[in-house]
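Chemist: Just dropping this structure here.
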Amino acid sequence: MYARAFLEGRLTTEQLDGFRQEKSHHTGGVSSYPHPRLMPEFWQFPTVSMGLGPINAIYQASLNKYLSNRGIKDASDQQVWAFLGDGEMDEVESRGQLQVAANEGLDNLNFVINCNLQRLDGPVRGNGKIIQELESFFRGAGWNVIKVVWGREWDDLLARDTDGALRTLMNTVPDGDFQTYKAENGAYVRENFFGRDPRALELVKDYSDEQVWNLKRGGHDYRKVYAAFKAATEHKGQPTVILAHTIKGYGLGPAFEGRNATHQMKKMTLDNLKTFRDSMDIPITDAQLEENPYLPPYYNPGEQDEAIQYLHERRRELGGYVPERRSKYTQLSLPEDDAYKSAKKGSGTQEIATTMAFARILKDLFRSKDFGHRIVPIIPDEARTFGMDSYFPTAKIYNPKGQTYTSVDRELLLAYKESPQGQIVHVGINEAGAFAAFTAIGTSYATQAEPLIPVYVFYSMFGFQRTGDAIWAAGDQMARGFIIGATAGRTTLTGEGLQHADGHSLLLAATNPAVLSYDPAYGYEIAHIVRSGLERMYGGDHADPNVMYYLTVYNEPIVQPTEPEGLDVEGLVKGIYPLRPGHEGGLKAQVLASGVSVPWALEAQRVLAEDWGVSADVWSVTSWSELRRDGLRAEEHNFLNPEAEPQVPFLTQRLQGAEGPVVAVSDFMHAVQDQIRQFVPGDFATLGADGFGFSDTRSAARRFFKIDTESIVVRTLQSLVEQGKLERSVLQQAIDKYRLHDVNAGDTGNAGGES
């Protein structure tokens, strides 16, 4: 791709000299692989992690149909091409969604699989036939299959193969032998391939060894490749896969072609260069190569060359160069205050979980004029769990074929409705596909110049832990959108057990630089975070709008409070704000809590005051990781600018002057809260749910992990003891009083609640 861009005049020789030197080279260099975040005007799709290219291509093609069906943009003339390797097709994501492309009739999708028969270490199927295997998979999944196996040099032999001897050899000789043939010579091929059957050997009796050697694989016959591509673009009703038989290292000479070590051979000798030059007919002299074998000259025939002019002409006619990433898009009218009003009012006397609070906010955003139609909920078969089945009748579920059956719940208010114009992307039990859809939808502002807002809602345990690689690639592709980790927390999804109990997704999310992670406690917090996210992504003023917001929401119902008067919105968005001050007088302490643990902290505030005379201020921490990032930025500034005015981390500013020790708690592991340790002025202690989760009541689980109300109380008392402000005997009194070692004595939290 870089060589082509150089011929097109889009990359200079200096930029090519900076290959893999993105920071040290004066031009900024060029990245080693396709990375849009590193080359934002060049690369569109990061297909580095093998397996993500195929699944992302499927959902990109699906998005293009989605845009057309919903009337947002006519993308009906666009084709999606995925260039893949046969070894890559062993990745689960490579084959796991083939049926989606067939079911949706994605005739705008084409896979081109380079079947060079080799992985990095050895043959893909040494004892088998990878092309036949892939053909069976794709045909079975409902794809149109085009095979480009043998070059035109074989045509005469096949025409004379009246009894099928040659065809039988082609279909039965294992791939490992075909790899070996191209590492040998014509005489070896004559003896070991044609020599397997006297009838086949007879077909080449008049061929020289050189002619036998020059019998090409189909993927190196440009006429047959062109014919295959043309047939693929003209096929209707199905996605197409082209299986092209090739040689790894083709054109690089016998030291490279078909060798197991080809992938690790990074340098070409002078003889290798000369062989390559000769095979490709590049007009560079021996003297030019010998001048500096480690820095051979670039060759460009110039703008006046017929081939270059043809190249430019074709690209102009086709709409531009590839790859090319564009950043101009339709501007959005973001929702006004009214869209968030209901969340700020709270839930009255009704108990609802933050998952339901979020679902209601999203429903209000749907109604936002000139904006709501651009929201795309992505749900992996858990809408009813998340309280989002209310979207079905109005927003409808996207299906390009509509709903051709009679729905069993058609008479119900919340009937399951599918439509080609449906807004909801419902991918089934399929987190990998869901995030591929998220990536396509979240980058539509760049690929289609039409922004869409993906909102992917899932069990938080099965997000970053399960599809972290895809989320990282989405960050590279500069996707924008909201990732909602529902049923979050180590102890809140009561009864589900070890593999559902998420106590660490916030920590995993913190490792992705493109993700802003929040653990909101209340509906009004969610509203401000969502609004801030939309403003950052599409408000037009932020230096880095290419981010994803991860919000953890819970399924434990509580009364959602009204937004407090004088709310510190800046603090809420940056990660921390004062929720409720302690009573006047007494020993002071600070309790920091996030998400579902905030009500426990408020109850602990009451108990500390009534039982021990301690005045604890309670702070709601909406984002531990954003507080940490802010602190690290301040530290780096001070480190590199010793003569400038020192910066003070936002958290440090907020807690400056706050009296007493600081205790931090959440329904996540200690390490989540520990992210802010170095920026907390004074003594700091954490409570967290480390270890595997289990099935039990919420109260028992919270007591077991020592994160419940009484644990917060005792840990606060311990911090005061360590500061010499209380007698040590107080601790044992408190432990005995609250039966802290008895899991059956806990009463923090309530029962019930799916959303």
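Chemist: Once amide H atoms are placed 1.01 Å from N in the peptide plane, what residues at a sequence separation of 5 or more from Lys248, or on another chain, have their amide H within under 5 Å of its amide H?
Modeler: Amide H neighbours of Lys248: Gly258.
Chemist: Taking all protein chains in place and a 1.4 Å probe, what share, in percent, of the accessible surface of the stretch 193-265 do carbon and sulfur account for?
Modeler: Exposed carbon and sulfur together represent 54 percent of the surface.
Chemist: Which GluC sites (Glu not before Pro) in the stretch 293-329 pass both tests, a DSSP loop state and at most 12 other beta-carbon atoms within 10 Å? Provide the component values of the computation, followed by the final result.
Modeler: On the way: sites: Glu303, Glu306, Glu313, Glu317, Glu324; in loops: Glu303, Glu324.
Here the sparse-neighbourhood loop sites are Glu303.
Chemist: When DSSP assigns beta bridges and you keep just the ones with both residues in the chain, what percent turn out antiparallel, to the nearest 5?
Modeler: 15 percent
Chemist: How about the stretch 577-626: which chymotrypsin sites (Phe, Trp or Tyr not before Pro) there are in a DSSP loop, with at most 15 other Cβ atoms within 10 Å of their Cβ?
Modeler: Loop-located and lightly packed - none at all.
Chemist: Keeping all protein chains in position, work out how much accessible area Tyr299 exposes to a 1.4 Å probe, and write it in Å² to the nearest 10.
Modeler: Its heavy atoms expose roughly 100 Å² to the probe.
Chemist: Please state the relative contact order of the stretch 659-738 as a whole percent: Cα pairs under 8 Å, 6+ residues apart? Write out the running numbers ahead of the final one.
Modeler: Values: 91 pairs, mean separation 22.4, N = 80.
Reported relative contact order: 28 percent.
Chemist: Separation between the Ala449 and Arg167 pseudo-spin-labels, each 7 Å from Cα along Cα→Cβ, expressed in nm?
Modeler: Going from the Ala449 label point to the Arg167 one covers 5.0 nm.
Chemist: Moving to a separate point now. Give me the net charge of Leu67's neighbourhood, meaning all other residues with Cβ under 13 Å from the Cβ of Leu67; Lys, Arg count +1, Asp, Glu -1.
Modeler: Net charge in that neighbourhood comes out at +1.
Chemist: Shifting gears a bit: Could you work out, for the stretch 84-196, what percent of all Cα-Cα pairs fall into each 10 Å distance bin, beginning at 0 Å and stopping at the bin that holds the largest distance?
Modeler: In whole percents, the pair-distance histogram is 12, 39, 31, 16, 2.
Chemist: List the extent of the Cα atoms of the stretch 501-650 along each of their three principal axes, largest first, rounded to whole Å.
Modeler: Computed over the stretch 501-650, the largest-to-smallest principal extents equal 48, 42, 33 Å.
Chemist: A follow-up question, please. For a quick check of understanding: with a 1.4 angstrom probe and all protein chains in place, what accessible area in square angstrom does Phe684 have, to the nearest ten?
Modeler: Around 30 Å² of this residue is reachable by solvent.
Chemist: Before I look further, what does the chain give for accessible area per residue, probe 1.4 Å, in whole square angstrom?
Modeler: 44 Å²
Chemist: Among the lysines, select those whose C-alpha is under 23 Å from the C-alpha of Lys248, and discard any that sit fewer than 8 residues away in the same chain.
Modeler: Lys129, Lys147, Lys182, Lys216, Lys224, Lys266, Lys267, Lys274
Chemist: Then there's this: Using a Förster distance of 56 Å, how high is the FRET efficiency between Tyr310 and Leu632, based on the Cβ-Cβ distance and rounded to 0.05?
Modeler: According to the calculation, E is roughly 0.60.
Chemist: Let's test the formula: R0 of 35 Å, r as the Cβ-Cβ distance of Gln732 and Leu498. What FRET efficiency results, to the nearest 0.05?
Modeler: Working: r = 33 Å, r/R0 = 0.94.
Calculated transfer efficiency: 0.60.
Chemist: For the stretch 11-119, what D do you get in µm² per second when you plug the Kirkwood radius from alpha-carbon pairs into Stokes-Einstein at 20 °C and 1.002 mPa s?
Modeler: Details: Rh = 15.8 Å.
The estimated diffusion coefficient comes to 135 µm²/s.
Chemist: If you don't mind, another one. With every protein chain left in place and a probe of 1.4 Å, what is the accessible surface of Met50, to the nearest 10 Å²?
Modeler: Spelled out: Met50, probe radius 1.4 Å, area about 100 Å².
Chemist: Give a residue-ordered list of calculated ³J(HN,Hα) values for the stretch 120-135 (Karplus: 6.51 cos²θ - 1.76 cosθ + 1.60, θ = phi - 60°; whole Hz; x for Gly, Pro).
Modeler: Result, ordered by residue: 6, 9, x, x, 5, 9, x, 8, x, 9, 5, 5, 5, 4, 5, 4 Hz.
Chemist: If you filter the stretch 294-334 for trypsin sites (Lys or Arg not before Pro), then keep DSSP loop positions with at most 12 other Cβ within 10 Å, what is left?
Modeler: Working: sites: Arg314, Arg315, Arg316, Arg325, Arg326, Lys328; in loops: Arg325, Arg326, Lys328.
Sites meeting the loop and neighbour criteria: Lys328.
Chemist: In straight Cα distance, which lysines are under 30 Å from Lys328, not counting same-chain residues fewer than 8 positions off?
Modeler: Lys328 reaches Lys23, Lys65, Lys73, Lys363, Lys369, Lys396, Lys574.
Chemist: For every other residue with a beta carbon closer than 13 angstrom to the beta carbon of Asn192, add +1 if it is Lys or Arg and -1 if Asp or Glu, then tell me the sum.
Modeler: Surrounding charge for Asn192 is -2.
Chemist: May I ask you to derive the FRET efficiency for His25 and Asp674 from their Cβ-Cβ distance with R0 = 51 Å, giving the value to the nearest 0.05? Don't skip to the end; give the middle numbers.
Modeler: On the way: r = 38 Å, r/R0 = 0.75.
It comes to 0.85.
Chemist: Further question on the same structure: So what is the relative contact order of the chain, in percent, for Cα pairs below 8 Å that sit 6 or more residues apart?
Modeler: In percent, rounded to a whole number, it is 10.
Chemist: Now, a different point. What aspartates and glutamates sit close enough to Lys417 to cross-link, taking a C-alpha to C-alpha distance under 13 Å and skipping anything fewer than 8 places away on the same chain?
Modeler: Cross-link targets: Asp389, Asp409.
Chemist: Moving to a separate point now. Pull out a ≥ b ≥ c, the square roots of the eigenvalues of the alpha-carbon gyration tensor of the stretch 4-62, then state rounded if a/c is under 1.5, prolate if not and a/b is larger than b/c, and oblate in the remaining case.
Modeler: The shape class here is prolate.
Chemist: So for the pair Glu291, Arg4, with labels modelled 7 Å out along Cα→Cβ, what separation do we get in nm?
Modeler: Label at Glu291, label at Arg4, 2.9 nm between them.
Chemist: Sum -39500 (n - 2.57) across every DSSP H segment of at least 4 residues in the chain, then divide by the residue count to get the 222 nm mean residue ellipticity, nearest 500.
Modeler: -10500 deg cm²/dmol
Chemist: Could you check how much of the accessible area of the stretch 285-348 is carbon and sulfur, as a whole percent, using a 1.4 Å probe?
Modeler: Taking all protein chains in place, the stretch 285-348 shows 48 percent carbon and sulfur surface.
Chemist: Please arrange Phe19, Phe668 by accessible surface area, largest first, computed with a 1.4 Å probe and ligands excluded.
Modeler: Values: Phe19 85, Phe668 0 Å².
Most to least solvent-accessible, the answer reads Phe19, Phe668.
Chemist: Same structure again: When a/c is below 1.5 the answer is rounded, else prolate if a/b is larger than b/c, else oblate, so apply that to the stretch 185-293 with a ≥ b ≥ c taken from the square roots of the Cα gyration tensor eigenvalues.
Modeler: Working: a/c = 2.11, a/b = 1.19, b/c = 1.77.
Judged from the Cα gyration tensor, the stretch 185-293 comes out oblate (a/c at least 1.5, b/c at or above a/b).
Chemist: In percent, what relative contact order does the stretch 598-713 have, based on Cα pairs under 8 Å that are 6 or more apart in sequence? Present the calculation step by step, with values, prior to reporting the outcome.
Modeler: Details: 135 pairs, mean separation 29.7, N = 116.
Normalised by residue count, the contact order of the stretch 598-713 is 26 percent.
Chemist: Okay, next question. For the stretch 46-56, in order, what is each residue's ³J(HN,Hα) by Karplus, 6.51 cos²θ - 1.76 cosθ + 1.60 with θ = phi - 60°, in whole Hz (x at glycine and Pro)?
Modeler: So the Karplus estimates, Gly and Pro as x, are x, 10, 7, 6, 4, x, 6, x, x, 5, 5 Hz.
Chemist: Let me make sure I get this right: for the stretch 369-494, a, b and c are the square roots of the gyration tensor eigenvalues over alpha carbons, sorted descending. Under 1.5 in a/c it's rounded, otherwise prolate if a/b > b/c, else oblate. Which is it?
Modeler: oblate
Chemist: Ignoring ligands, DNA and RNA, please state the percent of accessible area on the stretch 1-111 from carbon and sulfur, probe 1.4 Å. Don't jump to the answer; show the numbers that get you there.
Modeler: On the way: 2450 of 4850 Å².
Of all accessible area on the stretch 1-111, carbon and sulfur atoms account for 50 percent.
The values are calculated or read from the model by the stated rules, or taken from the named source; none is laboratory data. What you are looking at is a predicted structure, and each value in this text was computed from that prediction instead of being measured. Here the Cβ is made from the backbone with ideal geometry for all residues, glycine too, and neighbour counts use every protein chain on show. What goes into the accessible areas is simple: the full protein's heavy atoms, side chains included, and nothing from ligands, DNA or RNA. Shrake-Rupley method; radii C 1.70, N 1.55, O 1.52, S 1.80 Å.
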